[in-house]
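One structure below.
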Amino acid sequence: MSDHPFHNIYNLSDMQLEQLEMAEEMLEFQRLSAAEKLLLEMLENSPECIPILNNLGVLYGKYFMEYEKAISYYNMVLKLEPSNEWARNERRRYERYSTY
């Protein structure tokens with residue numbers, strides 16, 4: 001796991017790390033449907049994986065503008081990790097958008 005430039009605080013497997021990296025690259029290059037498919041498949045195997053849930057929040061909020069879905073993923077993150085300030089801030093942002 002020395003190939004990854006961050007500390008693996010969630011104890012993700014090498015395969016999960018590789019898949020997350022692939023999904024993030026897909027987002028970067030606007031391959032949104034492929035990223036969604038990969039992240040949802042990953043979620044089936046790891047329904048409480050915070051990085052997967054966060055990436056789905058980003059996908060639905062930032063790219064698909066499906067704010068309610070983004071909020072639901074951030075709510076899942078906060079249920080598992082109530083102190084996750086990043087997820088709290090993102091949820092707050094999309095809650096503002098979803099009221100319009």
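Each reported figure results from applying straightforward, stated rules to the coordinates on display, with no laboratory input. Because the structure is a prediction, the values reported are computed rather than measured. Don't worry about glycine lacking a Cβ; one is built from the backbone with ideal geometry, like all the others, and counts go over all protein chains shown.
Worth a mention:
- Candidate aspartates and glutamates - alpha carbon under 19 Å from Lys69, same-chain residues fewer than 8 apart omitted: Glu24, Glu36, Glu41, Glu44, Glu48, Glu81, Glu85, Glu90, Glu95
- Distance from region 9-68 to region 74-97 (C-alpha centre basis), Å: 16 Å
- In this simple spin-label model, placing a label point 7 Å from the Cα along the Cα-to-Cβ direction at both Lys37 and Lys62 gives a separation of 2.2 nm.
- Listed values (1) 1.27; (2) 1.21; (3) 1.05, entry calculated as Cα Rg over 2.2 N^0.38 Å: (3)
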